[in-house]
Amino acid sequence: MTISDTYLTEQKILHQNPRYGESSMLYGELVADIMRGIGAQTLSDYGAGKQKLLEALQGIGAAPKEYFAYDPVFPEYGPARSADLVCCIDVLEHIEIEYLDSVLDHLKDLINNFGFFAIHTKPAQKVLSDGRNAHLIQAPPSWWLQRIASRLEILQMEPTEVGFWLIVSEKNQEAVIAHSKGNNH
């Protein structure tokens with residue numbers, strides 16, 4: 001299980017706000033660069049919301065050959081799917097702490113090649129109907145890195161004004177890439 005029924009209802013309420021879930025649009029160029037760099041043809045958008053990442057990619061002429069949206073708020077998207085690149089943008093900080101391990105394990109299972117995570121570490125501007133901040137987890141990068149690195153290989157990390165982003169791969173993917181290029185390290 002990755003979300004409680006009560007919190008799913010809260011998320012449905014938040015998604016009624018036209019400005020909720022727009023931060024993925026800020027990452028369109030970066031995601032396009034990553035896709036080109038790894039030769040990705042398919043993209044899985046985990047926590048896709050209103051599919052703003054796809055909109056951003058289409059806007060710059062970089063839409064993937066296949067796009068798979070997943071978000072519990074939108075069951076019509078269907079189940080989460082693996083792809084050449086699995087993106088999880090401005091999602092993890094919204095996860096209920098008791099389900100975070102399940103969500104991270106789910107992402108680990110989906111990432112057969114590479115993943116891109118953008119995580120906010122500061123409070124959100126939006127609040128839940130019960131008054132809690134929409135960012136249920138407000139933790140420093142070190143807290144996140146410990147949990148992610150136990151499951152996935154961290155290839156790159158960059159700070160942002162509101163948190164950080166990561167490029168990850170399945171464990172030992174670096175060795176696979178190096179070996180395929182003839183670098184036997």
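Yes/no per residue for (1) under 17 Å from the mean Cα position of the chain (by Cα); (2) open to solvent by 70 Å² or more (accessible area, probe 1.4 Å):
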| position | (1), (2) |
| --- | --- |
| 118 | yes, no |
| 123 | no, yes |
| 126 | no, no |
| 137 | yes, no |
| 147 | yes, no |
| 151 | yes, no |
| 159 | yes, yes |
The strands (runs of 3 or more DSSP E) lying entirely within the range 1-94 that contain at least 3 residues which are open to solvent by 30 Å² or more (accessible area, probe 1.4 Å) and at pLDDT 95 or above are 66-70
Counting only residues in the range 95-116 that are open to solvent by less than 20 Å² (accessible area, probe 1.4 Å) and in a helix (DSSP H, G or I), the one farthest from residue 30 (Cα to Cα) is identified as 100
Within the range 130-140, is there a residue that is modelled with pLDDT of 95 or more and acidic (Asp, Glu)? no
The lone condition residue 86 fails out of (1) within 19 Å of residue 20 (Cα to Cα); (2) in contact with a Gly (Cβ under 9 Å, 6 or more places away or on another chain); (3) without any contact (Cβ under 8 Å) to a residue 60 or more places away in the chain is (1)
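Is one or more of the residues making up the range 176-183 within 18 Å of residue 95 (Cα to Cα) and either at pLDDT 90 or above or surrounded by 11 or more Cβ atoms within 10 Å (Cβ to Cβ) (or both)? So that I can check it myself, show each step before the final result.
So in the range 176-183, the residues within 18 Å of residue 95 (Cα to Cα) come out as none.
Within the range 176-183 (the criterion being within 18 Å of residue 95 (Cα to Cα) and either at pLDDT 90 or above or surrounded by 11 or more Cβ atoms within 10 Å (Cβ to Cβ) (or both)), the answer is no, since none of the residues qualifies.
The values are calculated or read from the model by the stated rules, or taken from the named source; none is laboratory data. Note that the structure is a prediction, hence the values are computed from the model and not measured. Reconstructed Cβ throughout: ideal geometry from the backbone, glycine too, with neighbour counts over all protein chains shown. These accessible areas exclude ligands, DNA and RNA; they are computed on the full protein's heavy atoms, side chains included. Shrake-Rupley method; radii C 1.70, N 1.55, O 1.52, S 1.80 Å.
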